[in-house]
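Engineer: Can you keep this structure in mind? I'll have questions shortly.
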């Protein structure tokens, strides 16, 4: 189980990669940052019944990475913030893929 402190460190690394920090993380390091969040993101996609789970999860991860520099100012635990941002993006994804 990942602790909230570990989640916080992961979001800080993602924020640094997005903001062009002094030392950009490698693809492997970025993978290590997002990997702990994948089970919950895939569960959200499954629960929503989206046809292309991988595309939905990619969209959610992109949203998280795009806004993660704002996370600490919310005062929310990192995991709760990720889930909230992911759910918001998933709703947008579903609306954009409706026929």
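The values are calculated or read from the model by the stated rules, or taken from the named source; none is laboratory data. None of these values were measured; they are calculated from a predicted model. Methodologically, a virtual Cβ is constructed for each residue, glycine included, from the backbone with ideal geometry; neighbour enumeration extends over all protein chains shown.
Engineer: Which one of the conditions (1) more than 10 Å from the chain's Cα centre (by Cα); (2) part of a helix (DSSP H, G or I); (3) surrounded by 13 or more Cβ atoms within 10 Å (Cβ to Cβ) does residue 73 fail to meet, given that it meets all the rest?
Structural biologist: Against the list (1) more than 10 Å from the chain's Cα centre (by Cα); (2) part of a helix (DSSP H, G or I); (3) surrounded by 13 or more Cβ atoms within 10 Å (Cβ to Cβ), residue 73 comes up short only on (3).
Engineer: Kindly evaluate residue 65 against the criterion of being at pLDDT below 95 and more than 16 Å from the chain's Cα centre (by Cα). Talk me through it step by step, then tell me what you get.
Structural biologist: Working: at pLDDT below 95: yes; more than 16 Å from the chain's Cα centre (by Cα): no.
It is false that residue 65 is at pLDDT below 95 and more than 16 Å from the chain's Cα centre (by Cα).
Engineer: Filtering the stretch 56-66 down to residues that are within 15 Å of residue 87 (Cβ to Cβ) and touching a helix residue (DSSP H, G or I) at 6+ places or on another chain (Cβ under 6 Å), which residue is surrounded by the most Cβ atoms within 10 Å (Cβ to Cβ)?
Structural biologist: 60
Engineer: Moving on to the next point. Name every residue in the stretch 24-42 that is part of a helix (DSSP H, G or I) and surrounded by 12 or more Cβ atoms within 10 Å (Cβ to Cβ), in order of residue number.
Structural biologist: Of the residues in the stretch 24-42, the ones part of a helix (DSSP H, G or I) are 27-42.
Those that are part of a helix (DSSP H, G or I) and surrounded by 12 or more Cβ atoms within 10 Å (Cβ to Cβ): 29, 30, 32, 33, 34, 36, 37, 38, 40, 41, 42.
Engineer: Here is a follow-up. Mind telling me which of the residues 47, 89, 53 ends up being modelled with pLDDT of 90 or more and either closer than 15 Å to residue 10 by Cβ or crowded, with 21+ Cβ neighbours inside 10 Å (or both)?
Structural biologist: Working: 47 fails: either closer than 15 Å to residue 10 by Cβ or crowded, with 21+ Cβ neighbours inside 10 Å (or both); 53 fails: either closer than 15 Å to residue 10 by Cβ or crowded, with 21+ Cβ neighbours inside 10 Å (or both).
Of 47, 89, 53, the one residue that is modelled with pLDDT of 90 or more and either closer than 15 Å to residue 10 by Cβ or crowded, with 21+ Cβ neighbours inside 10 Å (or both) is 89.
Engineer: Let me spell it out: the conditions are (1) over 14 Å from residue 13 (Cα atoms); (2) at pLDDT below 90; (3) surrounded by 13 or more Cβ atoms within 10 Å (Cβ to Cβ), and residue 99 meets all of them except one. Which number is the exception?
Structural biologist: Exception for residue 99: condition (3).
Engineer: Taking residue 16 as the residue in question, decide whether it is exposed (fewer than 15 other Cβ atoms within 10 Å of the Cβ) and either part of a helix (DSSP H, G or I) or modelled with pLDDT under 90 (or both). Steps first, answer last, please.
Structural biologist: Working: exposed (fewer than 15 other Cβ atoms within 10 Å of the Cβ): no; either part of a helix (DSSP H, G or I) or modelled with pLDDT under 90 (or both): yes.
Taking the combined requirement at face value, the residue does not satisfy it.
Engineer: Okay, next question. Considering each of 59, 45 in turn, give the residue that is in contact (Cβ under 8 Å) with a residue 40 or more places away in the chain and part of a helix (DSSP H, G or I). Before you say what the answer is, go through the steps one by one.
Structural biologist: Working: 59 fails: in contact (Cβ under 8 Å) with a residue 40 or more places away in the chain.
On inspection, the qualifying residue turns out to be 45.
Engineer: Going residue by residue through the stretch 84-92, is there one that turns out to be under 13 Å from the mean Cα position of the chain (by Cα), closer than 18 Å to residue 31 by Cβ and either touching a residue at least 24 places away in the same chain (Cβ under 8 Å) or part of a loop (DSSP other than H, G, I, E, B) (or both)? Give the steps one after another, and end with the answer.
Structural biologist: First, the residues of the stretch 84-92 that are under 13 Å from the mean Cα position of the chain (by Cα): 84-90.
Subsequent filtering for residues that are closer than 18 Å to residue 31 by Cβ retains 86.
Still in the list and also either touching a residue at least 24 places away in the same chain (Cβ under 8 Å) or part of a loop (DSSP other than H, G, I, E, B) (or both): 86.
Looking for residues that are under 13 Å from the mean Cα position of the chain (by Cα), closer than 18 Å to residue 31 by Cβ and either touching a residue at least 24 places away in the same chain (Cβ under 8 Å) or part of a loop (DSSP other than H, G, I, E, B) (or both), one finds at least one in the stretch 84-92, hence yes.
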